[in-house]
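Student: One structure, as structure tokens, below. Some questions next.
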Amino acid sequence: MSKRSATDAQAQGQAYLKAPLSSAKRDEPTTDEMGEFEDAWEDEIESDEEAVDRGEARREGEDGMDIDEVMPAIEESEEQPPAPEAFIPGMHVLGKDEILEADDSVYIMRHSMKVTWPCLSFDVLRDSLGDERQRYPAVAYVVAGTQADAASKNELSIYKMSSLHRTQKDGDDNDSDGEDDEDDLDEDAVLEFRSVPHNGGVNRVRAQPLPPSTPLPEVSHPYYTATWADTGKVHIWDIRPLIESLDTPGYTWDKSRTNKPTFTINSHGRAEGFAMDWASSGGANPSALRLLTGDVHSKIYLTTSTPSGFNALTQPFTSHTSSVEDIQWSPSEPTVFASCSADRSIQIWDVRSKGRQSVTGINPAHESDVNVISWNRSTSYLLLSGGDEGGIKVWDLRNVTKKGSACFSGEPPSPVAAFTWHTAPITSIEWHPTEDSIFAASGADNQVTLWDLGVEQDDEEVGAPMNVTPEGGREVPPQLLFVHQGQEDVKEVHWHPQIPGAVISTAADGFNIFKTISV
């Protein structure tokens, strides 16, 4: 029942008004000088005429008696309070003293973890807890490098995130059977770590890829991680003992094995860089490891493993004209890789080609620097790219012709999809490990976004504005599934390959790990 206003209640005669101050008072009774016998019942008995007169005076507000004000009856409202409004970047602006508060009803899991120094790059480590796991509390392992305020304070760290419980939701849960379930507890996550000293800040970290369903190597076998240092060096570390120390109480690792790099790549001289990627198994020697590194002087170097160690090749790949920002090996062709650059281009290479030149490319791919790329592991001809202008593009490499071919025109192809949701440079982008239409992106506008290219606008909605504010705000693309906020200066985002739908992001204030109802 809706609440009635006080005016409505008064109009219906359900409350009396206060008598006006100007109303005439009843005359005081006078006493006859000659006196009379008093009637004991005189004040309590009224004639019918007096009763009628008094009722009329009351209706006209002329009752001579002073009465207290009678306020309108207050009825309790049965209306529900307004639902919280979703904050959409570009459409809404936080007012003074307003803060964002996460709506946990749209998260299956959400945890924030602080660290001593910002870790602006990290990678997810495989573990032996199984693939496609759905149970909570969950456990995740990552490797990260710090950006401390002094070079001597930097570290390479292995983090174990445990007690990752489900997020407690408000209201009724239709999926709940009413019994207490440990999986539904909402508790703080536990963050443990093991660290080794690292000379200089860490620009990027990448872990050796392990094939799906492959358990963690035995502690006697190496598990490699590479770090791009701001000193111009690329270091390769064996982190397997550090993981063991997190899982085995009292385990003491051999510092001679972990506290110094297994190998250091000096090919880049003093030029620092950010681009780096390990190849998955494949090639002429499936057991051999291959690592590509690109620097700010536009050069890309290849390092391979041998039975006796690592070997850094001295001849660089040189088709870019500016800083190499990101590198990705092809998931289907073991000798092919892609790179992107501040020269606005994406180049495709084959390590077997003579002269170390790219075999084809997309130039320009963006209106500004191309910061990041990601190769779809399920549909290997699709490549994602993110630019400094905030744009995201999807490329079909089947439309890119090889240099020197009869049909090569040099004209860049058109992307199969393009999105301009982010309002600042794209800092990271990655396809979902198993769903070939879903990807995640992060931007310098403090957003982590989840997308699904398989979502299409309904026929009746085509040409109609979507979620536009009355002031003429932005359209929300139907492919945009989710916007995660709350972190400052987001740098990298990765899917967890063994926990379906779980996303980990790093920013200046630490890590977030979450899973949404959308993916």
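The values are calculated or read from the model by the stated rules, or taken from the named source; none is laboratory data. Nothing here was measured: the structure is a model prediction, and the numbers come from that model. Ideal geometry is used to build each Cβ from the backbone, glycine not excepted, and the neighbour counts take in all protein chains shown. These accessible areas exclude ligands, DNA and RNA; they are computed on the full protein's heavy atoms, side chains included. Shrake-Rupley method; radii C 1.70, N 1.55, O 1.52, S 1.80 Å.
Student: Could you please put Tyr223, Tyr381 in sequence from largest to smallest accessible area, using a 1.4 Å probe?
Tutor: Tyr381, Tyr223
Student: So what are the stretch 216-300's ellipsoid semi-axes, whole angstrom, largest first, if each one is the square root of 5 times an eigenvalue of the alpha-carbon gyration tensor?
Tutor: 27, 17, 9
Student: Counting only other residues whose beta carbon sits under 10 Å from that of Ala502, what net charge do I get with K and R as +1, D and E as -1?
Tutor: +2
Student: I'd like the Karplus ³J(HN,Hα) series for the stretch 214-219: coefficients 6.51, -1.76, 1.60, θ = phi - 60°, whole numbers in Hz, and an x wherever there's a Gly or Pro.
Tutor: 8, x, 4, x, 4, 4
Student: Find the eigenvalues of the gyration tensor of the Cα atoms of the stretch 318-386, then list the square roots of 5 times those eigenvalues as equivalent ellipsoid semi-axes, largest first, in whole angstrom.
Tutor: Semi-axis lengths for the stretch 318-386 are 18, 16, 8 Å.
Student: Whole number please: convex hull volume per residue of the Cα set in the stretch 204-263, in Å³?
Tutor: Spread over its residues, the Cα hull of the stretch 204-263 gives 98 Å³ apiece.
Student: According to the square roots a ≥ b ≥ c of the eigenvalues of the Cα gyration tensor, what is the shape class of the stretch 416-460, taking rounded for a/c under 1.5, prolate for a/b larger than b/c otherwise, and oblate for the remainder?
Tutor: It comes out oblate by the Cα gyration axes.
Student: Sticking with this structure for a sec: Would you mind classifying the stretch 291-426 by shape? Square roots of the alpha carbon gyration tensor eigenvalues, ordered a ≥ b ≥ c; an a/c under 1.5 is rounded, otherwise it is prolate if a/b is larger than b/c and oblate if not.
Tutor: Here the stretch 291-426 falls in the prolate category.
Student: Still on this structure, I have one more. If you add up the charges near Gln447, with Lys and Arg at +1 and Asp and Glu at -1, over every other residue whose beta carbon is less than 12 angstrom from its beta carbon, what do you get?
Tutor: Once all neighbours under 12 Å are counted, the net charge is -3.
Student: For each pair in Lys153/Lys233; Lys153/Lys260; Lys114/Lys393, compute the distance between the two Cα atoms and list the pairs where it is over 23 Å.
Tutor: Correct reply: Lys114/Lys393.
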